[in-house]
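*Asks:* Questions regarding the structure given below will be posed in turn.
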Amino acid sequence: MPDTQKKFYLTTPIYYVNARPHIGHAYTTLVADTIARRHRLLGDDTFFLTGTDEHGQKIERSAAAAGIPPQQFTDQVSAEFRNLWARMGLTNDDFIRTTEPRHQRGAQRLFADLHQRGQIYLSSYTGQYSIGEEIFVDGPPGTLGPDGRPTETVTEENFFFRLSEYQLPLIDLIESDTLHIQPESRKNEVLSFLRGPISAHLTAKAATDSTVHAEASTPIPPAVILSEAKNPRISPEVPTPPAEIAYSKLGNPYLKGHLRDLSVSRSSFTWGIPVPEPAASETKQKHVIYVWLDALANYMTAIGYGSDDPEKIAQFKNYWPADLHIMAKEITRQHCIYWPAFLLAANLPLPKAITAHGWLLFDDSKMSKSKGNIVRTETILDAFGTEVYAKQFPESTKQEQDLFAADVLRYHLLREVPFGQDGSFSFEAMITRYNADLANGYGNLVSRTLSMIQKYSDSKVPTHINWESEGLPQHACNYFFGPLSGPGKMAFANETDKDKRNYQLRFSAGSLEQGVRQAFEHFDLTRTIENPLWAVSGTDSYLSSNAPWKMTEGMERDDVLYTAAESIRIITALLYPILPQATAKVWAQLGLGDIEVAAKNGELKDLKWGGLKPGTKLGPLSPIFPRADKGLAQIMTDIESSNIPKPTPSKFVDEKTVNTEPTSAATTDPGAAPRTSDLAEPNPGAQVGASWAPVPELIKTPPHTESPASEAFATAAAASSIPDNPQICIEDFVKIDLRVAQIILAERIPKADKLLRLEVDLGYEKRQILSGIAEWYTPEELIGRRIVVITNLAPRKMRGLESHGMLLAASNGDNGKPVLATFSEDIALGSRLR
């Protein structure tokens, strides 16, 4: 590529083929497509990758349950993804499948390279394995995995990767933003895990030190110890941190040894990429590469890693490292811990940025197969394409209908869901947003403006006032119109015209484009839409204020119509990555030809006023966005109801039992959420984030016994005042699921003085909890604490956020200060209080 052309390589996660695609997959891929289109129009050499993840025990069992070979099973589901992306007009440059020979060669090369470098070794272990999520989980037999099903006890010989050696390198890379993780909450979550339960450790250390130094000095409060740990200094008053505590380059403490080695092969099933030689000769039985090492390698194998073809080798050198990995938040740790560690060990460059979006909630409830509320993308394409577009354009093709509906879905998801946060989705909200912003907004502005040009100017773009001859600086031509406020009113030849327009020049085309550029750079996709949307409103108000339909023929009317048409050109150029099909129609109606060609030629960047030449002949006019009837919501609901299987009641599983039965019957359900999905299937009655859990490697978990927290819980309860409440039976008490959790993220909620947003790790999952303890606890002192959580409490929505659980605390003193129930002994996350 030319020296002046930048490369931009971005990826989506590769989607697990245990389920057909739904709007969660579509959201991730639409975001990537939008960013890819933006970089192409900027002239960047852009490569956009997506694909499917097709190995693992879950797929093997699903195929067996379906009575077909695994390859046939994966062929069928993978084809659904490819066909849907083509139906939506997505512009991915490649689609990688992990069952392809090119991927197998690359994954085996990476494994062999790590083995040769001494980063992979052979050992064995016994631990709990989640088949649904293809990850190991800390806990006793019967521990629930992230998919809500009991894990299986696995004893097998495996290869292990020396992940433990990369704890400090990863912390330093992430803290310095060399490995850039966003949003900030995901970065903090990853760092919190890498550092270990440092706050709890330092608090215990402070208590010990205060006893040791009691005779020599006043005990040092834990807050001081924590402060000193964050900013260590040599001081006779502050005890030296214990040996297991170390510090990053930025002086932040972490617990050495918290990150443990990772199993990177399996020998209990065969559906995967075989471990290559010479490692294969070390084993007594056949091994396949662990699905996460296999899957993550796709980002390199798709662009030539592992190939001997000179062209592929050159392609890999050109595009790697990736500029951006896009994914859902529940797989951030795999991408921010496993993946960079593998690359560091193989001496390969790290990706430049990793960004994670949140979950989609359907009607304010997290989508899940068990609730029957997963939304298929095809439902929206069929409904909007047939009931809205085809009724307006009965001669339209199915492809035209699909592309129109894909624009509507893309616009709604990017407009309504702040990237990086959870967001709600409903059919009613999509219809309302479509009608307000597109049918009545952008579409109406285009229609009224071009119709007047057709009527008053013989379908030719009219001329406009020569601003310089009127004494106005040339740069003023760059401005859009907006409601009167502040300085900078328009200067016209006479006062009457100025008063008649009564609008100021507010934003220049360059300023508007700069705002969109900055929003894209920060992945603020909502703001990328808000900027041109403001220009739509301002231009519409400008037209209404000047009422060209009331003007007599002449320069003034021509100038007003030209100004509106040129505003539409710039708005359309800015909206192109968001609404590629709709803006193509507007561009053609403006008489500017093919917008895709314009994008390739650089006509949609560095926008300046005056690009629409007077005399340009308009193209054929037609509505862009026909109105959608509110009854469309019921049509989409009916379509979904006819496609989603009815949920089956879940069976109660006693924690003391070990589940050894295959779960394949559930995994063949086409509504099931994929492992790399942003709509992971939750536990019954709870939101789940398919969070990563450390591998138990060589450490065997002791048999499950009565929780040591039960005594602490009873003591805390006895210390509080006991109200005169009705007695309950043991049957009532056992309904409450009390679990040990660790706080991995704590942050304040804007405009909510009492609430904190917490993310807690239960060992088998992580979830969001809102707690009214902001008056008594700071976010900093909470991170790392092990607490008690009521996990089966019905979700509650506060401040637009859903809380999935409740912290257990005692009420202390007259002011009712909460004191969190915690533990003085080490206890496994997810342990149940009985």
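The values are calculated or read from the model by the stated rules, or taken from the named source; none is laboratory data. Please read all numbers here as calculations on a predicted model, not as lab measurements. Cβ placement follows ideal geometry from the backbone for every residue including glycine, while neighbour counts extend to all protein chains displayed. Surface areas here come from the heavy atoms of the whole protein model, side chains and all, with no ligands, DNA or RNA. Shrake-Rupley method; radii C 1.70, N 1.55, O 1.52, S 1.80 Å.
*Asks:* How many residues, within segment 78-110, are open to solvent by 20 Å² or more (accessible area, probe 1.4 Å) and more than 25 Å from the chain's Cα centre (by Cα)?
*Replies:* 8
*Asks:* Do we find that D407 is out of contact with any His (no Cβ under 8 Å at 6 or more places or on another chain), closer than 30 Å to N643 by Cβ and modelled with pLDDT of 95 or more in this structure?
*Replies:* In short, yes.
*Asks:* Please find, within segment 149-184, the residue that is nearest to the chain's Cα centre (by Cα) out of those that are among the polar types (S, T, N, Q) and open to solvent by 20 Å² or more (accessible area, probe 1.4 Å).
*Replies:* Q182
*Asks:* Being closer than 25 Å to A86 by Cα, part of a loop (DSSP other than H, G, I, E, B) and under 31 Å from the mean Cα position of the chain (by Cα) is true for just one of A573, A628, A584. Which residue is that?
*Replies:* Sole residue among the options that is closer than 25 Å to A86 by Cα, part of a loop (DSSP other than H, G, I, E, B) and under 31 Å from the mean Cα position of the chain (by Cα): A628.
*Asks:* Right, something else. Among the residues in segment 810-820, are any at pLDDT 80 or above and either assigned to a loop (DSSP other than H, G, I, E, B) or closer than 27 Å to S130 by Cα (or both)?
*Replies:* No, there is no match, as no residue in segment 810-820 is at pLDDT 80 or above and either assigned to a loop (DSSP other than H, G, I, E, B) or closer than 27 Å to S130 by Cα (or both).
*Asks:* Can you tell which of A564, A535 is buried (at least 17 other Cβ atoms within 10 Å of the Cβ), in contact with a strand residue (DSSP E or B) (Cβ under 8 Å, 6 or more places away or on another chain) and closer than 14 Å to G443 by Cα?
*Replies:* One residue alone meets the criteria, A535.
*Asks:* Quick one: F625 ticks every box in (1) farther than 30 Å from I374 by Cβ; (2) modelled with pLDDT of 95 or more except a single one, so which number is it?
*Replies:* (1)
*Asks:* From the residues in segment 255-311 that are assigned to a helix (DSSP H, G or I), modelled with pLDDT of 95 or more and charged (D, E, K, R), which one is farthest from R785 (Cα to Cα)?
*Replies:* Taking the candidates together, the pick is E311.
*Asks:* Right, another one. If I filter segment 389-401 for residues that are in a loop (DSSP other than H, G, I, E, B) and among the hydrophobic types (A, V, I, L, M, F, W, C), do I get at least one hit?
*Replies:* Yes: one or more hits.
*Asks:* Same structure, new question: Search segment 427-449 for residues that are over 21 Å from I635 (Cβ atoms) and pair each with any residue that is small (G, A, S) and surrounded by 21 or more Cβ atoms within 10 Å (Cβ to Cβ) when their beta-carbon atoms are under 6 Å apart and the residues are at least 6 apart or on different chains.
*Replies:* Every condition considered, the pairs that remain are T449/A564; T449/A565.
*Asks:* Out of all the residues in segment 312-325, is one or more closer than 20 Å to D45 by Cα, buried (at least 17 other Cβ atoms within 10 Å of the Cβ), hydroxyl-bearing (S, T, Y) and touching a residue at least 24 places away in the same chain (Cβ under 8 Å)?
*Replies:* yes
*Asks:* Based on what the data block shows, is P750 open to solvent by 10 Å² or more (accessible area, probe 1.4 Å), of a type outside the set (A, V, I, L, M), within 24 Å of the chain's Cα centre (by Cα) and at pLDDT 65 or above?
*Replies:* yes
*Asks:* How do the pairs read when you match residues in segment 136-149 that are farther than 15 Å from S831 by Cβ with residues anywhere that are assigned to a strand (DSSP E or B) and not β-branched (V, I, T), using Cβ under 7 Å and keeping only pairs 6 or more apart or on different chains?
*Replies:* F136/G127; F136/Q128; F136/Y129; F136/S263; G145/S130; P146/S130; D147/S130
*Asks:* For the condition closer than 30 Å to P70 by Cα and either part of a loop (DSSP other than H, G, I, E, B) or modelled with pLDDT of 80 or more (or both), what is the one hit in F159, F193?
*Replies:* F159
*Asks:* Could you please find all residues in segment 376-388 being within 19 Å of L84 (Cα to Cα) and not in a loop (DSSP other than H, G, I, E, B)?
*Replies:* T377, E378, T379, I380, L381, D382, A383, F384, G385, T386
*Asks:* Please determine, by comparing only the residues of segment 196-205 that are of a type in the set (A, V, I, L, M) and either open to solvent by 30 Å² or more (accessible area, probe 1.4 Å) or under 14 Å from A741 (Cβ atoms) (or both), which one is modelled with the highest pLDDT.
*Replies:* Checking each candidate, the answer is A200.
*Asks:* Among the numbered conditions (1) over 25 Å from the mean Cα position of the chain (by Cα); (2) closer than 29 Å to P418 by Cβ; (3) assigned to a strand (DSSP E or B), tell me where L770 comes up short.
*Replies:* Unmet condition: (1).
*Asks:* Let me ask something additional. Among the residues of segment 41-55, is any open to solvent by 10 Å² or more (accessible area, probe 1.4 Å) and touching a Pro at 6+ places or on another chain (Cβ under 6 Å)?
*Replies:* No, the conditions are met nowhere in segment 41-55.
*Asks:* Filter segment 266-287 down to residues that are out of contact with any helix residue (DSSP H, G or I) (no Cβ under 8 Å at 6 or more places or on another chain) and either under 18 Å from S130 (Cβ atoms) or buried (at least 24 other Cβ atoms within 10 Å of the Cβ) (or both), then give me how many there are.
*Replies:* Looking only at that region, the number is 1.
*Asks:* Here's another thing I want to ask about it. Testing I578 on (1) modelled with pLDDT under 90; (2) of a type in the set (A, V, I, L, M, F, W, C); (3) not in a helix (DSSP H, G or I), one condition comes back false. Which one is that?
*Replies:* (1)
*Asks:* Just wondering, is there one or more residues in segment 607-621 that are surrounded by fewer than 18 Cβ atoms within 10 Å (Cβ to Cβ) and closer than 30 Å to E428 by Cα?
*Replies:* Checking segment 607-621: at least one residue is surrounded by fewer than 18 Cβ atoms within 10 Å (Cβ to Cβ) and closer than 30 Å to E428 by Cα.
*Asks:* Further question: How do the pairs read when you match residues in segment 336-359 that are in a strand (DSSP E or B) with residues anywhere that are of a type in the set (S, T, N, Q) and open to solvent by less than 10 Å² (accessible area, probe 1.4 Å), using Cβ under 8 Å and keeping only pairs 6 or more apart or on different chains?
*Replies:* What qualifies is I354/T332; A356/T332; H357/T28.
*Asks:* Within segment 402-438, which residues are open to solvent by 10 Å² or more (accessible area, probe 1.4 Å), assigned to a helix (DSSP H, G or I) and among the hydrophobic types (A, V, I, L, M, F, W, C)?
*Replies:* Scanning segment 402-438 gives L403, F404, A429, A436.
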